[in-house]
Amino acid sequence: MRGTMTPPREGWMRNGLLAGLVATGAMTVTLGIAYAFALNFGGAGGNVFAQWLWSLTHNRVTSAVSGAPFLFLALQLSMGLALSLVYAGVAEPALTGPAWRRGALFALGPWLLSIVVFLPAVGGGVLGVALGAGPLPALGNLIVHLVYGAALGAVYAIPETAGLDATAEDEVAAIGADRGAAVGIVAGVLLGTAGGALVAVLGGASELLPTGALFLGGALVGGAGGGLVGSLVGIERAVRAGRAR
């Protein structure tokens, strides 16, 4: 491992939040696929594996989530973005290896917290044993966290500023873009989520496109757009401020 005091790379906040949006989206899609699989192949009267799958979709945790999908998605998105900042600002500089592996290793920490703290807190028991689904809660939780981590690491590693000359004006612009994008992403997520909620209220949800998908889709689109606009505005303001000095 490299020294733990190694500072994060330039633009870590902006790139970390953008990577967090993508990684949270990938994790949510994986969750949706896993839930659909369990719902279709699970059965209370089937074999042991089928009963485990049935228990995954019929328990106190899934009931709580289905009763408050907006709250669950808002919490998931918030945690995904918060963890992306921890990764970009603290963990990534201290890890070695391929980018996807650094992200996956980082995700093991949140996974452990999820199965020993979160699941017991919501009534699922340590490792999810109280859900009656055998090892599937812990295993499924591990898979979605690895998807999040691998996507986070891979997207964060994309060199966004390759080819820029290291001039003073470029450095000022990069700092402004970083700050502007961070503000823009947060504002975009809030506006996008509100937009998704409005579409849901107006009847945009359906069997193929549930309300939760509208919330998350609005948040992801809004966050990406807000990050882009905020970055451009931040660059312009920073360059103007630098020239005025």
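When Val29, Val22, Val48 are screened for being within 23 Å of Leu142 (Cα to Cα), under 12 Å from the mean Cα position of the chain (by Cα) and touching a residue at least 60 places away in the same chain (Cβ under 8 Å), only Val22 passes.
For beta carbons closer than 9 Å, sequence separation of 6+ or different chains, a first residue in the stretch 71-94 that is farther than 12 Å from Thr28 by Cβ and modelled with pLDDT under 90 and a second that is polar (S, T, N, Q) and open to solvent by less than 10 Å² (accessible area, probe 1.4 Å), the qualifying pairs are Leu81/Thr24.
The values are calculated or read from the model by the stated rules, or taken from the named source; none is laboratory data. Because the structure is a prediction, the values reported are computed rather than measured. Using ideal geometry, Cβ is built from the backbone for each residue, glycine included, and neighbour counts are taken over all protein chains shown. Accessible surface is based on the protein model in full, side chains and every heavy atom, while ligands, DNA and RNA are left aside. Shrake-Rupley method; radii C 1.70, N 1.55, O 1.52, S 1.80 Å.
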